[in-house]
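Each value in this text was obtained by applying a stated rule to the coordinates, not by laboratory testing. The structure displayed is predicted, hence computed values, not measured ones. Because the Cβ atoms are built from the backbone with ideal geometry, glycine has one as well, and the counts that use them run over all protein chains shown.
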Amino acid sequence: MATVQSVVRAFSILEALSTGPAGVSEISAQTDLPKSTVSRLLSTLEHIGAVDRLMEGTNYRLGSGLIEILGTSGAPKTLGRSVQPHLEQLAIKSGEAAGLAVPDSYSVQYVTQVESPDPVQVRDYSGLSLPMHVGPSGLVIMSRWPLELLQHYLVRPLEAFTRHTVIDPVAIIERLEMFRAAGYGWIYEEFAEGINSVAAPLLDRRGSPIGAIHIHGPAFRFPGTRDPAEIGALLVEEVRRYSLRVDSS
């Protein structure tokens, strides 16, 4: 079937930006398009609202016009419905609340949550938006970012939500390396006092993060006497089950 080359190229740029903000050089590397072509198409896409230029002027993200269209399609909700059975399994196996979060530029948005079977529960964080560095979902997504995008994020002022929030760029880079190697990441009372949480990234077929699944619970019992590594492995295995189901569908 005949294709319009400029449309195909524009779509590849939008696909590259779907995982987070990026600059011309990074998009060029991801799409195998010349920088001049990327720059020209970005200019057109910005003009029609399909992409927005960030304040520093060198990075782009999916535009407000495109996001509005995508929002009407309920893409995050569709993903939430898709992972729901896996969240339910995690809540049963871990005894704590399990949820889904998706990237939104430099923030992560909590989409849905399955409650803990325990009578003492954490609040439902669905709808909450957090800076990437604050919660484990954002951090495991960041652990899959290219270096250029990570550097752009870390030169910005980083907000501390609690006295435990890690805001030192060097320390963040070190923990991101550990999270990527392990396939999951823990935080302890960093986005809310009294709440511990662990997350693992959801990756598309290219290995880019489209979201993260997390488990969180009261710090007095989670992880408690359980081995954090075992809980992390449980989470990674459920993410693997989800990926296998999607890839075979």
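What ³J(HN,Hα) values, in whole Hz, does the Karplus curve 6.51 cos²θ - 1.76 cosθ + 1.60 give for region 23-30 when θ = phi - 60°, with x put for Gly and Pro?
x, 4, 4, 5, 5, 4, 5, 6
What fraction, in whole percent, of alpha-carbon pairs in region 166-249 exceed 22 Å separation?
Across region 166-249, Cα pairs with separations above 22 Å total 31 percent.
Add -39500 (n - 2.57) for each DSSP H run of 4 or more in the chain, then divide by its residues: what number comes out at 222 nm, to the nearest 500 deg cm²/dmol? Working shown, then result.
Working: 9 runs with 114 residues, N = 249.
Result for the chain: -14500 deg cm²/dmol, rounded to the nearest 500.
Which is farthest toward the positive dipole end of region 78-195 among 101, 188, 135, measuring Cα position about the Cα centre, with Cβ charges +1 (Lys, Arg) and -1 (Asp, Glu)?
101
Using a simple spin-label model with points 7 Å from Cα along the Cα→Cβ vector, what separation in nm is obtained for residue 170 and residue 147?
Distance between label points: 1.8 nm.
Under unit Cβ charges (Lys, Arg +1; Asp, Glu -1), what dipole magnitude, rounded to 20 debye, does region 126-216 have relative to its Cα centre?
Details: 7 positive and 9 negative charges, 65 e Å.
Dipole about the Cα centre, nearest 20: 320 debye.
Could you compute the FRET efficiency for residue 7 and residue 240, with r as their C-beta to C-beta distance and R0 at 30 Å, rounded to 0.05?
On the way: r = 35 Å, r/R0 = 1.15.
Here the calculated transfer efficiency is 0.30.
Charges on Cβ only, +1 for Lys and Arg, -1 for Asp and Glu, centred on the Cα centroid of the chain; of 217, 42, 171, which one is farthest towards the dipole's positive end?
It is 42, whose Cα lies furthest towards the positive end.
Rounded to whole Å and ordered largest first, report the semi-axes of the equivalent ellipsoid of region 101-169 derived from its Cα gyration tensor (root of 5λ). It would help to have the intermediate numbers written out before the result.
On the way: eigenvalues 128, 39, 18 Å².
With the √(5λ) rule applied to region 101-169, the semi-axes are 25, 14, 10 Å.
For residue 189 and residue 126 in the same chain, what is the full-extension length gain: residue separation times 0.36 nm, less their Cα-Cα distance, in nm? Please report the intermediate quantities before stating the final value.
Working: separation 63, 0.36 × 63 = 22.68 nm, distance 1.83 nm.
So the chain would gain 20.8 nm between residue 189 and residue 126.
Step through the residues of region 136-152 one at a time and calculate ³J(HN,Hα) from phi using the Karplus curve (6.51 cos²θ - 1.76 cosθ + 1.60, θ = phi - 60°), rounding each to whole Hz and writing x for Gly and Pro.
Values per residue, Gly and Pro as x: x, 4, x, 5, 6, 5, 4, 5, 9, 6, x, 4, 4, 5, 4, 5, 4 Hz.
Charges on Cβ only, +1 for Lys and Arg, -1 for Asp and Glu, centred on the Cα centroid of the chain; of 155, 6, 91, which one is farthest towards the dipole's positive end?
6
Using unit Cβ charges (K, R positive; D, E negative) and no other charged atoms, how large, in debye to the nearest 20, is the dipole of the chain about its Cα centre? It would help to have the intermediate numbers written out before the result.
Working: 21 positive and 27 negative charges, 112 e Å.
About 540 debye.
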